[in-house]
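Take a look at the structure set out below.
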Amino acid sequence: MYTILKNSIYSYEIQKSKFITLLYKVKKIEDVSFYLQQVKTTYKDATHYCYAYRLGNVQKFSDDQEPSGTAGMPMMEVIHKKELDFILCIVVRYFGGIKLGASGLTRAYSKAVNDALKENQLVELKEGYLVKVKTSYENQRTLDHLFSNQILKKEFLEQVIYEIDLFLEQLPLLQNYDYEILEKKMIEKEFND
């Protein structure tokens, strides 16, 4: 699985219709609602706000009054074909006065997402965990060194308490520590384990 490196925007024009593609990295369903509302406010005079998203096992798409199956579904097909997750694609359309027909719309929305993805960078996702680790002050340097880019939180109490994004294959590195798995998750491979 993959996700995008960063949020991005891409636009192109076909037969006087302007298509603006916005790609967002999303972590929770509330992110989808937030970005959709933000886009509708920013591009308030647009004709259509079509979207597709995949967030773990949750996915949805919308044609936003384009003919059924001509916008959201082609966008979702690109997401599946590229094996993307934790992504929201919104394509804002300004109608230019020339009808594209069902097949033309399908091609236009697919192209909008494909071209936007070419302008972005994909990051591999790997299976992993959010882990809470407790250690003594003397051992904290070892954990800091082992997981330097993966430490999300560090608290100094009676012991040092870490929250770490850990790849599945790194779990044995914690065998000598007091740890608890908080949740299973997909982690971006940019940590370079």
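Read the figures in this text as sums done on the coordinates, not as results from a lab. From a predicted model like this one, the values you see are computed outputs, not experimental measurements. Cβ atoms come from the backbone with ideal geometry, glycine included; neighbour counts cover every protein chain shown.
Rounded to the nearest Hz, the phi-derived 3J(HN,Hα) couplings of region 76-86 under the Karplus curve 6.51 cos²θ - 1.76 cosθ + 1.60 (θ = phi - 60°) are 5, 4, 5, 4, 5, 4, 8, 6, 8, 9, 6, where x marks glycine and proline. Return the FRET efficiency for the residue pair Tyr177, His80: r is the Cβ-Cβ distance, R0 is 35 Å, and the value is rounded to the nearest 0.05. For R0 = 35 Å, the calculated efficiency reads 0.35. Using all Cα-Cα distances in the chain, what percent lands in each 5 angstrom bin from 0 up to the longest? Answer for the chain: a P(r) of 1, 8, 15, 17, 14, 10, 9, 8, 7, 5, 4, 2, 1, 0, 0 percent.
In units of the compact-protein estimate 2.2 N^0.38 Å, region 126-191 shows a Cα radius of gyration of 1.02. Compared with the dominant principal axis of the Cα atoms in the chain, helix 101-119 is inclined by about 30°.
What is the local net charge at Gln140, summed over the other residues whose Cβ is closer than 15 Å to its Cβ (Lys, Arg +1; Asp, Glu -1)? The answer is -1.
Computed from the Kirkwood radius of its Cα pairs, the Stokes-Einstein diffusion coefficient for region 92-139 at 25 °C and 0.890 mPa s stands at 157 µm²/s.
Dividing the helix sum by the residues of the chain, where each DSSP H run of 4 or more adds -39500 (n - 2.57), gives a mean residue ellipticity at 222 nm of -8000 deg cm²/dmol. Peptides 89-98, 70-79, 1-10, 176-185, ordered by how many other C-beta atoms sit within 10 Å of their residues on average, highest first, read 70-79, 89-98, 1-10, 176-185.
Each label point was placed 7 Å from the Cα along the Cα-to-Cβ direction; for Gln59 and Lys153 their separation is 3.2 nm. Within the listed set Leu174, Leu105, Leu22, the Gaussian network model of the chain (springs between alpha-carbon atoms below 10 Å) gives the highest mean-square fluctuation for Leu174.
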